[in-house]
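The values are calculated or read from the model by the stated rules, or taken from the named source; none is laboratory data. Since we're looking at a predicted model, the values are computed, not measured. We place every Cβ from the backbone using ideal geometry, glycine too, and count neighbours over all the protein chains shown.
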Amino acid sequence: MKISEIRVETFRYTSDKGKDIQGHGHPAEPHEAQQAMLTIVSDEGVCGYSFREDITMAMGLVRPLLLGEDPFYRERIWQNLYQRQREGSALTDRVLDAIDQALWDLAGRALDQPVYRLLGAFRDKVPAYGSTMCGDDLDGGLNTPQAYGDFALQLVARGYKAIKLHTWSTPMPGAPDPKRDIAACAAVREAVGPDIVLMLDPFHYYTRQEALYLGRELEKLDYYWMEEPMDEASVSSYIWLTEQLDLQICGPETAKGGLKTRAEWIVRNAADISRVGTGDVGGITPMMKIVHLAEAFGVQCESHGSSIGNLHALCAMGIAGQFHERGLLHPFTDYETPPPWLNALPDPMDDEGFVPAPQGPGLGLDINFDYIRDNLVSG
Ligand code: LLH
Ligand code: MG
């Protein structure tokens with residue numbers, strides 16, 4: 001089998017979410033936005049698909065490397081792309097992720113098997129945690145500690161057995177403020193009681209002392225983990241923090257360097273729990289290497305983000321990973337309706353807080369091809 005064509009089709013949809021200057025998602029007035037579908041076509045007619053915000057820019061680099069390749073040579077393709085990633089390249093980890101996920105999708109469609117079974121299945125459903133958006137200043141939104149407590153009750157009623165708060169970050173008024181973060185964490189613990197698992201993902205540029213303060217307060221509130229309270233470029237700060245807390249520190253999430261960075265964090269004890277998402281490291285292929293690296297060191301490894309690729313990886317992780325991050329959730333936005341380019345939600349959750357492994361061939365996305373064709377921007 002050979003890759004015969006690579007297409008990127010960019011299409012319009014109406015979004016009710018926007019991003020602030022730090023890249024955090026928030027509710028927004030409905031507005032036109034764009035999404036792109038990557039299609040990798042084989043000479044035997046089988047295709048693989050994945051979705052990303054626009055990756056057209058990288059295609060000039062990608063096409064010559066992929067055309068004519070056997071789509072089952074995922075490792076060779078990934079290494080070829082990775083070795084061309086240096087500073088300034090359009091081949092970002094997110095581009096590599098889109099390609100790798102489309103190749104896994106193609107393989108699954110060719111073999112009529114879901115990706116998690118090709119990876120080596122471990123389980124058929126995973127527990128989810130409800131991951132809130134960052135704090136804001138919207139009436140009825142996530143604007144006060146009490147608002148977090150009220151929203152947490154709604155999440156528990158929906159079936160979540162675990163919740164992660166993203167609290168206030170710049171540029172929100174009053175942020176950053178570790179005391180207000182802890183007030184929100186306390187309001188949530190007070191609202192949901194002792195049996196719900198809770199985590200915190202606060203402002204990412206606190207000082208060591210502020211992060212230590214957060215950690216010590218979270219221990220009193222029986223929180224499970226904290227992630228990215230400081231700039232992840234400072235591994236020494238994370239070693240310092242992890243040494244002093246019983247609370248588990250989870251990371252790295254946004255630090256560059258994929259497998260190698262995670263290896264450094266594990267051997268230097270910079271976090272208790274490792275962390276990886278397909279978008280952070282360039283796909284399912286490198287994500288599984290990190291999962292197995294963590295397993296080799298007896299370290300837990302938690303999945304970052306709600307990508308369908310993460311869900312397959314999670315269903316193929318042994319002891320290393322526990323939760324699917326479901327969200328981001330907010331009182332004003334609806335996570336239960338699929339986006340218009342899909343006919344079904346990729347990560348539906350039952351009333352007990354479990355997300356099933358996708359059972360369709362490949363990634364198992366139920367794509368609304370008519371919607372995409374009718375809303376093309378270019379292609
Ligand atoms: O606000 C956001 O978009 C999140 O913080 C985002 O970065 C999210 O991916 C995250 O940190 N999850 O753990
Ligand atoms: Mg995070």
Exercise. Can you confirm whether segment 264-278 contains a residue that is touching a residue at least 60 places away in the same chain (Cβ under 8 Å), in contact with a Pro (Cβ under 8 Å, 6 or more places away or on another chain) and more than 16 Å from ligand 1 (Cβ to nearest atom)?
Key: no
Quiz prompt | Answer residue from segment 231-243, given it is surrounded by 14 or more Cβ atoms within 10 Å (Cβ to Cβ) and within 30 Å of Asp195 (Cβ to Cβ) and is nearest to the chain's Cα centre (by Cα) among those | solution = Tyr238
Quiz item: Do we find that Leu259 is over 19 Å from the mean Cα position of the chain (by Cα) and of a type outside the set (Ser, Thr, Tyr) in this structure?
Solution: no
Quiz item: Taking only pairs six or more apart or across chains, which ones have beta-carbon atoms under 8 Å, a first residue in segment 199-216 that is within 12 Å of Tyr238 (Cα to Cα) and free of Cβ contacts under 8 Å to residues at least 60 places away in the same chain, and a second residue that is aromatic (Phe, Trp, Tyr) and more than 10 Å from ligand 2 (Cβ to nearest atom)?
Solution: Arg208/Trp240
Quiz item: What single numbered condition from (1) more than 24 Å from the chain's Cα centre (by Cα); (2) buried (at least 23 other Cβ atoms within 10 Å of the Cβ) fails to hold for Cys185?
Solution: (1)
Quiz item: Out of the residues in segment 292-311 that are crowded, with 21+ Cβ neighbours inside 10 Å and under 23 Å from Tyr224 (Cα atoms), which is farthest from ligand 1 (Cβ to nearest atom)?
Solution: Ala294
Quiz item: Say we look at segment 115-135 and pick out the residues that are away from ligand 2 (no atom under 15 Å from the Cβ) and aromatic (Phe, Trp, Tyr); which of these is surrounded by the fewest Cβ atoms within 10 Å (Cβ to Cβ)?
Solution: Phe122
Exercise. Tell me which of these Pro171 doesn't satisfy, since it passes every other one: (1) within 15 Å of ligand 1 (Cβ to nearest atom); (2) buried (at least 19 other Cβ atoms within 10 Å of the Cβ).
Key: (2)
Quiz prompt | One residue from Arg123, Arg189, Arg180, Arg216 being more than 15 Å from ligand 1 (Cβ to nearest atom) and in a loop (DSSP other than H, G, I, E, B) | solution = Arg123
Quiz item: How about segment 273-291: which of its residues are of a type outside the set (Val, Ile, Thr) and either part of a helix (DSSP H, G or I) or crowded, with 23+ Cβ neighbours inside 10 Å (or both)?
Solution: Ser274, Arg275, Gly279, Asp280, Gly282, Gly283, Pro286, Met287, Met288, Lys289
Self-check item: Pro71 touching a strand residue (DSSP E or B) at 6+ places or on another chain (Cβ under 7 Å), over 30 Å from Asp177 (Cα atoms) and not aliphatic (A, V, I, L, M)
Solution: yes
Quiz item: Within the set of pairs 6+ apart or on separate chains, which have a first residue in segment 152-176 that is outside the structural domain of Leu198 (by TED's automatic domain parsing), a second that is surrounded by fewer than 23 Cβ atoms within 10 Å (Cβ to Cβ) and not in a loop (DSSP other than H, G, I, E, B), and C-beta atoms under 6 Å apart?
Solution: none
Quiz prompt | All positions within segment 334-379 that are of a type in the set (D, E, K, R) and either over 17 Å from Asn310 (Cα atoms) or loosely packed, with under 14 Cβ neighbours inside 10 Å (or both) | solution = Asp334, Glu336, Asp350, Asp351, Glu352, Asp366, Asp370, Arg373, Asp374
Quiz item: When segment 260-272 is examined, which residues are found to be part of a helix (DSSP H, G or I) and either crowded, with 17+ Cβ neighbours inside 10 Å or modelled with pLDDT under 95 (or both)?
Solution: Thr261, Arg262, Ala263, Trp265, Ile266
Self-check item: Filtered residues of segment 219-229 (kept if within 13 Å of ligand 1 (Cβ to nearest atom) and free of Cβ contacts under 8 Å to residues at least 40 places away in the same chain)
Solution: Met226, Glu228, Pro229
Quiz item: If you take just the strands (runs of 3 or more DSSP E) that sit entirely in segment 292-379, which of them hold at least 1 residues that are over 20 Å from the mean Cα position of the chain (by Cα)?
Solution: 376-378
